[in-house]
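Data first, discussion second: the structure below is written as structure tokens.
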Amino acid sequence: MYRAHILVCGGTGCTSSGSPAIIDELNKELKAQGLEEEVKVVQTGCFGLCALGPIMIVYPEGAFYSRVELSDIPEIVSEHIVKGRIVERLLYSETVTEAGIKSLNETDFYKKQLRVALRNCGVINPENIDEYIGFGGYQALGKVLTEMTPQEVIDVIKESGLRGRGGGGFPTGLKWQFTANAESDQKYVACNADEGDPGAFMDRSVLEGDPHAVIEAMAIAGYAVGASQGYVYIRAEYPIAVQRLQIAIDQAREYGLLGKNIFEKGFDFDIEIRLGAGAFVCGEETALITSIEGNRGEPRPRPPFPAVKGLFGKPTLLNNVETYANITQIILNGPQWFANMGTEKSKGTKVFALGGKIKNTGLVEIPMGTTLREVIYDIGGGIPDGKKFKAAQTGGPSGGCIPADLIDIKIDYDNLLSIGSMMGSGGLIVMDEETCMVDIAKFFLEFTVEESCGKCTPCRVGTKRLLELLEKVTNGNGTLEDIDKMEALCHHIKSSSLCGLGQSAPNPVLSTLKYFRDEYVAHVVDKKCPAGVCKNLVQFKITDKCIGCTLCARNCPVNAISGEVKNMHTIDATKCIKCGVCMDKCKFKAIIKE
Amino acid sequence: MSQKVTEKVPFNGTKEQEEKLLAVIAEHKGMNGALMPVLQKAQDIYGYLPFEVQKIIAEGLECSLEEVYGVVTFYSQFSLNPKGKYKIGVCLGTACYVKGSGKILEKIQENLNLAVGECTPDGKFSLEATRCIGACGLAPVFTINDDVYGRVTEDEIDGILAKYKE
């Protein structure tokens, strides 16, 4: 028995900000004090509040320490662990009240969240199967194998209303049914962990924080559809997730939860990891399958769907990580429990990676139907530096922007689609007034041009031409006619591309054109970039606030600023390279962009 | 999705490296979809995948060199060029981009006089613009080998790089 537990986040965010060294230091310090038998340090998955990393929480008090540094460790051990005095200066300010500390679950960041897929993240040690079992793990697999027929399992998933969390939102139960119905000597279950959307890290966090949840769900799926082999296709860019998943698979095999004759019910199932090699298109299901087969990851036309003819030509069930992370809870708590959460057509919860211009960047899980306003202001803490909210981008390069006047929209699959964005896998990037929407559209198009696999012409050539038009606009050479051309081209690409990548590539352009057309017009008619981002359209000017301190002139890399000491300076626009150094350096806010 | 050989660095693989590679090939031969895992391990052994290595793999797995080359050039993580001793990766994921990682990349390019995808002539630094590395809470982020630099500003770049130049 340990009298205290120290949970330290070992997600990628906190690992990057130094949590492994903190764990070493804690263990060293505890040992020095002779406390290693009394206090246990646990490396967990992501807590969600990445902005405050490295993060730790000390139980039984539940004291939540944020931005912990190595030098803080001796104090935490000697004060908190030895003397029982909480180190207040390190507490997350939201948890400090006059009456003492309040639970993390009562803070604004966590209060409106509902953790189903992330239930174990930040709670258990992902590298220890016993902790997973202690929290109810592998009970669902046991229940399925001993009490249910495969068809009963599929019916439960259908009834729950679960839809694919990878972005498309296809009903999961139906997918299972199609694969179960296909007749074959061999079938496969695959997991899509090729999370390629920039700014999205939900699946990685699940795999890092609770890998057994995915393994157990894949085994359940294997039983339901009649498959004995599973594959997890995961990005090689996620080394921690790959390592923990491999550890989890090895432990499950050792416990007889993977392998032959599981629960002595004559059911065989095993899982193999396959690494991606950096191709966004491999998140598309047919491309992912060709990649596992060892080929260039190019998509192929559907039908036949993978449920009929997938991996190595055999029927294959392919779901995304977060989808799998919901399965065991549906089996244990029943389909009705799941269907009671969310909106009419979108049941359950969704995990979002909050990023961009928002205070609490990190990972959140909310019931479907939560409004965007609640996510951004209540959970996310609003926009930093008193700036104004301009738009939120969901769905990555396949999605679109939601403007400020639609902030009260209830987030679910159908609502987001109806306003020209999409749920996507769950990236949610917040933008403020300093973000140029044309530039953002261009950013996503650069991404799709780079990632287009080149197999079909509308995507390969169309996105390139679209990007050139966008560049023309941001360079200040665009015309109103170009905007119309872009719009027409977008519709052609959407309707004629082979796979989801091309079909959705124009979305960032279409949605910014829909809600921020005035910005495009400002670029082509007034030759101005209202957000001051597009270099060719921006002029730096010195106003009469200038006191002639010469700091800007001394820092200008191209000597474009002239003026006498104590007299107002001027910028020579022909020399200026618009690097913005002068504006950053000026202590009197005398330099403006227009 | 294309890459070319930027400068021809003579291949100087060792006997040990080749033995390791042949062992990897033997281990994977006959497995469904063996090419990708073999290429990944080969890149771990050599650091990159020059034609000489691709030829050994093609012969070992009994497939055509064209097939191997096709797969190598399709995936951005496979490199035809050697990497520097210090591999710099600047995250250009959306969260980092919105927070100014584009400027960080420019500053590094300027400091090292190095284009994205290239390696300095002394073999010390190579530079990549990477996809989201998932440390969005620390945006903007760049990495040098296993060191992660988060919440960086342009002013800090010269100082950080100086540590690796010594």
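A:Gly13 - would you say it is within 14 Å of another protein chain (Cβ to nearest Cβ), in a loop (DSSP other than H, G, I, E, B) and either at pLDDT 95 or above or in contact with a strand residue (DSSP E or B) (Cβ under 8 Å, 6 or more places away or on another chain) (or both)? Spell out the reasoning first.
Numbers: within 14 Å of another protein chain (Cβ to nearest Cβ): yes; in a loop (DSSP other than H, G, I, E, B): no; either at pLDDT 95 or above or in contact with a strand residue (DSSP E or B) (Cβ under 8 Å, 6 or more places away or on another chain) (or both): yes.
So A:Gly13 does not fit the description; no.
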(message) For the condition in contact (Cβ under 8 Å) with a residue 12 or more places away in the chain, within 28 Å of the chain's Cα centre (by Cα), within 14 Å of chain B (Cβ to nearest Cβ) and farther than 29 Å from A:Asp194 by Cα, what is the one hit in A:Glu446, A:Glu433?
(response) A:Glu433
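Answer yes or no as to whether A:Val509 is crowded, with 21+ Cβ neighbours inside 10 Å and either under 23 Å from A:Lys390 (Cα atoms) or at pLDDT below 95 (or both).
On the way: crowded, with 21+ Cβ neighbours inside 10 Å: yes; either under 23 Å from A:Lys390 (Cα atoms) or at pLDDT below 95 (or both): yes.
The answer is yes for A:Val509.
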(request) Being within 14 Å of chain A (Cβ to nearest Cβ), farther than 12 Å from B:Thr153 by Cα and of a type in the set (Gly, Ala, Ser) is the filter here, so list the residues in region B:100-120 that pass it. (result) B:Gly117
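Quick grid of which residues meet (1) surrounded by 20 or more Cβ atoms within 10 Å (Cβ to Cβ); (2) of a type in the set (A, V, I, L, M, F, W, C); (3) within 30 Å of A:Ala325 (Cβ to Cβ):
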site	(1), (2), (3)
A:Ala32	no, yes, no
A:Val42	yes, yes, yes
A:Ile76	yes, yes, no
A:Arg89	no, no, no
A:Leu104	yes, yes, yes
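Mind listing whichever residues of region A:316-349 are in a strand (DSSP E or B), over 16 Å from A:Thr371 (Cα atoms) and in contact with a helix residue (DSSP H, G or I) (Cβ under 6 Å, 6 or more places away or on another chain)? First the steps, then the outcome.
So the first thing to find is which residues in region A:316-349 are in a strand (DSSP E or B), and the list is A:316-320, A:342, A:347, A:349.
Add one more test, that the residue is over 16 Å from A:Thr371 (Cα atoms), and what stays is A:316-320.
Of everything in region A:316-349, those that are in a strand (DSSP E or B), over 16 Å from A:Thr371 (Cα atoms) and in contact with a helix residue (DSSP H, G or I) (Cβ under 6 Å, 6 or more places away or on another chain) turn out to be A:Leu317, A:Leu318.
Would you call A:Ile215 buried (at least 21 other Cβ atoms within 10 Å of the Cβ), within 14 Å of another protein chain (Cβ to nearest Cβ) and at pLDDT 95 or above?
On the way: buried (at least 21 other Cβ atoms within 10 Å of the Cβ): yes; within 14 Å of another protein chain (Cβ to nearest Cβ): no; at pLDDT 95 or above: yes.
Judged against the criteria, A:Ile215 is not a match.
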(request) Would you check if there is a residue in region A:350-373 being part of a helix (DSSP H, G or I), within 13 Å of another protein chain (Cβ to nearest Cβ) and surrounded by fewer than 24 Cβ atoms within 10 Å (Cβ to Cβ)? (result) no
(message) Filter region B:19-43 down to the residues that are touching a helix residue (DSSP H, G or I) at 6+ places or on another chain (Cβ under 6 Å), within 12 Å of chain A (Cβ to nearest Cβ), among the hydrophobic types (A, V, I, L, M, F, W, C) and farther than 14 Å from B:Lys55 by Cα and list them by number.
(response) B:Ala34
(message) I'd like the full set of residues that are crowded, with 21+ Cβ neighbours inside 10 Å and of a type in the set (Lys, Arg), limited to region A:220-273.
(response) A:Arg235, A:Arg244
(message) All but one of (1) outside any strand (DSSP E or B); (2) touching a strand residue (DSSP E or B) at 6+ places or on another chain (Cβ under 7 Å) hold for A:Asn295; state the number of the condition that does not hold.
(response) (2)
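Does A:Arg204 satisfy the condition of being touching a residue at least 12 places away in the same chain (Cβ under 8 Å), more than 14 Å from chain B (Cβ to nearest Cβ), in contact with a strand residue (DSSP E or B) (Cβ under 9 Å, 6 or more places away or on another chain) and farther than 22 Å from A:Gly259 by Cβ? Spell out the reasoning first.
Values: touching a residue at least 12 places away in the same chain (Cβ under 8 Å): yes; more than 14 Å from chain B (Cβ to nearest Cβ): no; in contact with a strand residue (DSSP E or B) (Cβ under 9 Å, 6 or more places away or on another chain): yes; farther than 22 Å from A:Gly259 by Cβ: yes.
No.
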(request) Could you tell me whether region A:405-417 includes any residue that is within 12 Å of chain B (Cβ to nearest Cβ) and crowded, with 22+ Cβ neighbours inside 10 Å? (result) no
(request) Look through A:Leu145, A:Leu207 and report the one residue that is modelled with pLDDT of 95 or more, under 30 Å from A:Pro60 (Cα atoms) and in contact with a Lys or Arg (Cβ under 9 Å, 6 or more places away or on another chain). (result) A:Leu207
(request) Out of the residues in region B:128-166 that are in contact with a Gly (Cβ under 7 Å, 6 or more places away or on another chain) and either assigned to a strand (DSSP E or B) or more than 22 Å from A:Gly427 (Cα to Cα) (or both), state the one that is modelled with the lowest pLDDT. (result) B:Thr130
(request) Restricting attention to region A:383-424, report how many residues are part of a loop (DSSP other than H, G, I, E, B), among the small types (Gly, Ala, Ser) and without any contact (Cβ under 8 Å) to a residue 40 or more places away in the chain. (result) 0
(request) Looking at (1) more than 30 Å from A:Gly399 (Cα to Cα); (2) touching a residue at least 12 places away in the same chain (Cβ under 8 Å), find the lone condition where A:Ser562 falls short. (result) (2)
(message) Go through (1) in contact with a strand residue (DSSP E or B) (Cβ under 8 Å, 6 or more places away or on another chain); (2) in the same structural domain as B:Asp147 (by TED's automatic domain parsing); (3) within 27 Å of A:Ser205 (Cα to Cα) for B:Gln109 and report which single condition fails.
(response) (3)
(message) Every residue in region B:76-99 that is within 15 Å of B:Tyr149 (Cβ to Cβ), touching an Asp or Glu at 6+ places or on another chain (Cβ under 8 Å) and either away from chain A (no Cβ under 14 Å) or small (Gly, Ala, Ser) (or both), please.
(response) B:Ile88, B:Gly89
(message) Checking A:Gly400 against (1) within 14 Å of another protein chain (Cβ to nearest Cβ); (2) surrounded by fewer than 24 Cβ atoms within 10 Å (Cβ to Cβ); (3) not hydrophobic (A, V, I, L, M, F, W, C): exactly one of these is not met. Which one?
(response) (2)
(request) Could you list, in sequence order, all residues of region B:64-107 that are of a type in the set (A, V, I, L, M, F, W, C) and either in contact with a Gly (Cβ under 9 Å, 6 or more places away or on another chain) or in contact (Cβ under 8 Å) with a residue 40 or more places away in the chain (or both)? (result) B:Val71, B:Phe74, B:Phe78, B:Leu80, B:Ile88, B:Val90, B:Cys91, B:Leu92, B:Ala95, B:Cys96, B:Val98, B:Ile104
(message) For region A:461-470, check the following and say yes or no: at least one residue is over 17 Å from A:Val524 (Cβ atoms), more than 14 Å from chain B (Cβ to nearest Cβ) and surrounded by 23 or more Cβ atoms within 10 Å (Cβ to Cβ).
(response) yes
(request) Looking at (1) more than 11 Å from chain B (Cβ to nearest Cβ); (2) over 21 Å from A:Leu145 (Cα atoms); (3) surrounded by fewer than 24 Cβ atoms within 10 Å (Cβ to Cβ), find the lone condition where A:Glu322 falls short. (result) (3)
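I'd like the full set of residues that are away from every other protein chain (no Cβ under 12 Å) and crowded, with 24+ Cβ neighbours inside 10 Å, limited to region A:178-189.
The first filter runs over region A:178-189 and keeps only residues away from every other protein chain (no Cβ under 12 Å), leaving A:178-185, A:187, A:189.
Residues satisfying the conditions are A:Thr179, A:Val189.
Is it fair to say A:Ile55 is buried (at least 18 other Cβ atoms within 10 Å of the Cβ) and at pLDDT 95 or above? Let's see the steps before the verdict.
Values: buried (at least 18 other Cβ atoms within 10 Å of the Cβ): yes; at pLDDT 95 or above: no.
No.
The values are calculated or read from the model by the stated rules, or taken from the named source; none is laboratory data. Keep in mind that what you see is a predicted model, and the values were worked out from it rather than measured. All Cβ positions, even for glycine, are placed from backbone atoms using ideal geometry, and neighbour counts span all protein chains on display.
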